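One structure below.
The values are calculated or read from the model by the stated rules, or taken from the named source; none is laboratory data. These numbers were taken from a predicted model, which means no experiment stands behind them. Reconstructed Cβ throughout: ideal geometry from the backbone, glycine too, with neighbour counts over all protein chains shown. Note: areas computed on protein heavy atoms with side chains; ligands, DNA, RNA excluded. Shrake-Rupley method; radii C 1.70, N 1.55, O 1.52, S 1.80 Å.
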Amino acid sequence: MNLSNESRKKAHRKALLTNRMKRKLALLFTIIVLALIGVNVRLAYINRTNGDNYTKRVLAQQDTNSTLLPYRRGDILDRNGTILATSEKVYNLILDPRVLSQNADEDPEKDCVEPTLQALSECFGLDAAELRATYNDKIDSSYVVLLRQLTKDEIADFQAMQEDEKTGGKIKGVWFEDTYIRRYPYDSLACHVIGYTVSGNQGQTGIEQEYSDTLNGTNGRSYKYLNEDLEQTTQVHQPTDGHTVVSTIDATLQEIVEKYIDKFIADYTNKNTEGPAAKNIGVIMMNPQNGEILAMASDIDYDLNNPHDLVENGYLTQEEADTMTEDELLDARNQMWRNFCISDGYEPGSTVKPMTVAAALETGAVSDSSTFLCDGGQVVVQGQPRINCSKTSGHGIITLEGALMFSCNDALMQIGADLGGETYLKYQEIFNFGLRTNIDLPGEANNASTVFNEDTLGVTELATSSFGQGYNTTMIQVASAFSSVINGGYYYQPHVVKRILDADGGTVETINSTLVRQTVSEKTSSLIRQYLYHTMYGDTDSNGNNPTGKRARVAGYAMGGKTGTAEKLPRSAKKYLVSFIGFAPVDNPQVVCYVVVDEPNAANSQAQASSSFAQEIFKNIMTEAMPYLNIYATEEIPADMQDEVDAQNAAAEEAETEEDGEGETDEDTEELPEGTLVDPNTGESVTMPTEEEAAAAEEEGILGGITSPILPEDGSSEGDVPEDSGADESADSGGTEE
């Protein structure tokens, strides 16, 4: 009985607990439902009152398109407007896989993936399987570059399909990104002056490097955003294109110069000995009245559209390239890019004699009436070797004009002694030797350590310096100094750029000529012009001496010029650098042309010492250049050139003219009268050397083995090139500058 009551009580309590739990669950459920209703009501209220604001915030956090708008790098023009370097618009082919995939997800019937990929494959020759793999791998990307630097013609067919009403609707997610590529219409023309660019519009060598900031512009950008009406709007910041650089180079003159360098190479390679036409060849043409460079070239060139390929540019054979290390290949590229006309130093020889004579005239050390006795050379310091004249048999008694006409080292040594070391060094600086000309090109050599100073200039050094041996110059230094001597005495800073234009062709800046200093007086300049005219057109004197520049003459033109032969280091090697510098017309010089031929291909050392190699190039260039420059023939044809002119007019093979008696060697055929001469300056009686003595002196060379205290004995004296002024491959191929 008691057990039954106890069981009923337990069952009752359990029922009470169960009912209580059910009521709690019901209450909890009711609360949750009410909370959800409240949230929905609140969301509806928020959406109604602030829905637009929240929509904008959400959409603003989504990706928006921002497109780079590249600037166009400015052109480089020649002085007449011919395009030497330009930036051509090209296009990168861009695929947007995300747009394609989204389009397919929204409406499978409007799937554009296959039509788009098929069109890309057909128009651009892309592999369909690879294209499909790229799409799948980059399906979440909006920017995949498929092809770069396509031309307008190459994208035309695909653009036509995009615009077609039938096919265009099925092509999505493809667009073309504008970009530019640097082009050089004339390939290698003036390559060392123009230079080239690497990625990022970074200029390398030449004008491209020196004026890179001027040529570059500023990129623009296109932005897409939501306006107040929740509509997508595009804002564009237009790019600012770079300025155009107008150079002083004349493309026609540059072509003429390069043509005759190439002709010399073709004519003389393997001609007398197996090997190249010369170790180095350089030519500068400039306007002496303002320092503008009209043309500048060397025997080495390269295609500016393909500046790194040593084999394609003919600098190395494939076999040579295959055997070289990366460092060796880099050094070879730097040598190919090196501008010989401004970066390499050398002993100039007799082309600097006009500067020595001009300095002596200015200071009164000599006068137009001065005379000199040349007996074939001088022993300047007892115990040292004799320094020989270019004519070892001696020129006899000659005038100051004759010292230049016949290129007499003996007379120049006497003039140097009269001038004195201190005054010589003063004029060395006046003519800018040992100082950079500051031409607006990178890579100009700093040869301050390879010219004499008061500590290194002794009497022997003064003697050799007077005729251009023992110290270094560069071609641009000689051309600039020479120009000042024949233009009335005004030294202009040489330059290769004359004007800066904006993208619309308006003038931003005119680069005027910079007059650095007056080197000599107009009177001295006039005398030097006269002397140099007779160096080319003068007559044989009573001693049988012949003017040395006759082979450079162009029939009918009044010109002036000076030959040069330098005996290279080491002297024992008997290697020579020969040159010629001339100008026209004589009365009002409009053009200077300077030609250097380093170790021309000759049968022997005596033949190599003849400046006729340089005169040949000079004559060919000036024959074609002067009519182009409107420099007219005003002179009668010299009698000794009549056969040559007749042969040219008859279109026959050019006749051989008479021996010019090149004074830089001993090509004179007429013997001087035997006997004794009196030195007009000292009154001493001097016995002229016999033929045997002259021949023996010639075997010893001009300098008799005398070296220079400031130049390496091995002759490796090119001058120092600033570290920040050469080419730099680092942006393209991991290299460093020259």
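Solvent-accessible area assigned to carbon and sulfur over segment 111-193 amounts to 44 percent, based on a 1.4 Å probe. The accessible area of Ile300, taken with all protein chains in place and a 1.4 Å probe, comes to roughly 40 Å². Of Lys89/Lys259; Lys138/Lys170; Lys259/Lys523; Lys426/Lys619, which ones are farther than 26 Å apart at the Cα? As for pairs spanning more than 26 Å Cα to Cα, those are Lys89/Lys259; Lys259/Lys523; Lys426/Lys619.
Put simply, when 369-376, 484-491 are sorted by average Cβ atoms within 10 angstrom per residue, most first, you get 484-491, 369-376.
Principal-axis analysis of the Cα atoms of the chain puts helix 326-337 at an angle of about 60° to the longest axis. Which of the following values of semi-axes √(5λ) of the Cα gyration tensor in Å was calculated from the structure shown: (1) 82, 28, 24; (2) 42, 40, 22; (3) 46, 39, 30? Identified label for the calculated read-out: (1). Ordering Thr687, Ser188, Thr214 by Cα displacement along the dipole of the chain toward the positive end leaves Thr214 in first place; charges were set at the Cβ atoms of Lys, Arg (+1) and Asp, Glu (-1).
Summarising the amide proton neighbourhood of Val174: residues at separation of 5 or more, or on other chains, whose placed amide H is nearer than 5 Å comprise Asp96. Work out the charge dipole of segment 503-597 with +1 on the Cβ of Lys and Arg and -1 on the Cβ of Asp and Glu about the Cα centre, then indicate which of Asn546, Gly556, Leu532 is farthest towards its positive end. Value computed over the given set: Asn546.
Packing here is the average count of other Cβ atoms within 10 Å per residue, and on that basis the peptides 88-94, 459-465, highest first, run 459-465, 88-94.
Taking the radius of gyration and the Kirkwood hydrodynamic radius from Cα positions alone, what is the Rg/Rh ratio for segment 423-487, to two decimal places? That ratio equals 0.97. Our coupling estimate for segment 292-303, obtained by passing each phi through the Karplus curve with A = 6.51, B = -1.76, C = 1.60 and θ = phi - 60°, is 6, 7, 8, 7, 8, 7, 9, 6, 9, 9, 7, 6 Hz, Gly and Pro reported as x. In this simple spin-label model, placing a label point 7 Å from the Cα along the Cα-to-Cβ direction at both Ser542 and Val459 gives a separation of 3.2 nm.
Expressed as a whole percent, the accessible area of segment 250-384 that falls on carbon and sulfur atoms is 42 (1.4 Å probe).
Taking Rh as the Kirkwood radius, which is the inverse of the mean 1/r over Cα pairs, what is the Rg/Rh value for segment 266-404?
Details: Rg = 22.4 Å, Rh = 19.9 Å.
With Rh from the inverse mean 1/r over Cα pairs, Rg/Rh is 1.13.
Shown in residue order for segment 177-188 are the 3J(HN,Hα) couplings computed by the Karplus curve 6.51 cos²θ - 1.76 cosθ + 1.60 at θ = phi - 60°: 8, 5, 7, 10, 10, 7, 10, 10, x, 9, 6, 9 Hz (x for Gly and Pro). Amide hydrogen proximity for Gly704: with H placed 1.01 Å from N in the peptide plane, the residues at 5 or more positions away or on another chain lying under 5 Å are Asn388.
Listed by chain and number, the lysines placed with their C-alpha closer than 18 angstrom to that of Lys14 are Lys22, Lys24; residues fewer than eight positions away on the same chain are left out.
About its Cα centre, the chain has a charge dipole of approximately 8040 debye under the convention of +1 per Lys or Arg Cβ and -1 per Asp or Glu Cβ, with nothing else charged.
Using θ = phi - 60° in the Karplus curve 6.51 cos²θ - 1.76 cosθ + 1.60, the 3J(HN,Hα) couplings for segment 377-385 round to x, 9, 9, 6, 10, 4, x, 8, x Hz; x is entered for Gly and Pro. Taking packing as the residue-averaged number of other Cβ atoms within 10 angstrom, the listed peptides 549-555, 508-514, 353-359, 560-566 run from highest to lowest as 560-566, 353-359, 549-555, 508-514.
A dipole drawn for the chain from +1 and -1 charges on Cβ atoms has a positive end, and of Thr233, Gln204, Gln648 the residue lying farthest that way is Thr233. Averaging Cα coordinates gives a centre for segment 537-616 and one for segment 280-315; these two points are 22 Å apart. Given +1 at the Cβ of Lys and Arg, -1 at the Cβ of Asp and Glu and no other charges, the dipole of segment 250-364 around its Cα centre is 720 debye to the nearest 20.
Think of a 1.4 Å ball rolled over the protein heavy atoms: segment 528-599 then has 23 Å² of accessible area per residue.
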